[in-house]
1. Which shape class applies to the stretch 79-176: rounded if a/c is under 1.5, otherwise prolate when a/b exceeds b/c and oblate if not, where a ≥ b ≥ c are the square roots of the Cα gyration tensor eigenvalues?
2. So how do 11-19, 146-154, 41-49 stack up, highest first, on mean other-Cβ count within 10 Å?
3. Between the stretch 133-176 and the stretch 28-74, what is the C-alpha centre distance in whole Å?
4. Under 24 Å Cα-Cα from K94, which lysines qualify once same-chain neighbours fewer than 8 residues away are excluded?
5. Taking only C-alpha pairs under 8 Å that are 6+ residues apart, what is the relative contact order of the stretch 1-74 in percent?
6. If amide hydrogens are placed 1.01 Å from N in the peptide plane, which non-local residues have theirs closer than 5 Å to the one on I6?
7. Could you give me the ³J(HN,Hα) list for the stretch 69-83, computed from phi with Karplus coefficients 6.51, -1.76, 1.60 and θ = phi - 60°, whole Hz, x at Gly and Pro?
8. Within 9 Å, Cβ to Cβ, of K13, how many net charges do the neighbouring residues add up to if Lys/Arg are +1 and Asp/Glu are -1?
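The values are calculated or read from the model by the stated rules, or taken from the named source; none is laboratory data. Remember, predicted model here, so these are calculated numbers, not experimental data. Reconstructed Cβ throughout: ideal geometry from the backbone, glycine too, with neighbour counts over all protein chains shown. Surface accessibility is based on the protein's heavy atoms, side chains included, excluding ligands, DNA and RNA. Shrake-Rupley method; radii C 1.70, N 1.55, O 1.52, S 1.80 Å.
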Amino acid sequence: MIDTLISSKTRIKLLLKFFLNDKNTGYLRGLESQFGESSNAIRLELNRLEDAGLLTSGFESNKKIFKANKLHPLFSDIKSMLFKYTGLTSIIDKVVESLGYLEAVYLTGDLAKGLYSETVEILVVGNVDQVFLKKLIGKLEGELDKKITKEVLNPLDFDLASMQGNYTNHLLLWSK
């Protein structure tokens, strides 16, 4: 879907990197190794996105660090479009409306880092019906044509794991 609107695969990767999880930052050489693409293609797209005001940049040592411009008028629209593109909107809607006691749903893995992945990794925090969740995820995988992996933690275990630093790179999708 989005590849029809945006023909540059590099631009799509950059939008996912910076807008899916707006805490993400990146610099040219780091993005080059993450994406496996030439620095020239990445530089060109970074400059275009920065010129359009979608990205901001600053320097740390000798590295130019980029991040999403949260003040851009299209920021929330782009983020919403990327959530739909990756299937996250459907996952959140179905999981939240169907499960029992739910505290939060987090995105983990590559998508939380802003890297495209065919697998959506989620962390569900709450006391939920595991059998029903498994059926729900199976149905969603068919609808979205994506693999979905899940981890379920009760709130106490999640708090303990968070204090130990086990969930530093997760993105809150929904909370009570």
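1. It is oblate, given that a/c is not under 1.5 and a/b is not larger than b/c.
2. So the peptides 11-19, 146-154, 41-49, ranked by packing, come out 11-19, 41-49, 146-154.
3. Between the Cα centre of the stretch 133-176 and that of the stretch 28-74, the gap is 29 Å.
4. Here the lysines satisfying the reach criterion relative to K94 are K79, K84, K113, K134, K135, K139, K146, K147, K150, K176.
5. Relative contact order comes out at 31 percent.
6. none
7. 8, 5, 8, 5, x, 9, 3, 5, 5, 5, 4, 4, 4, 5, 5
8. Once positives and negatives cancel, what remains is +1.
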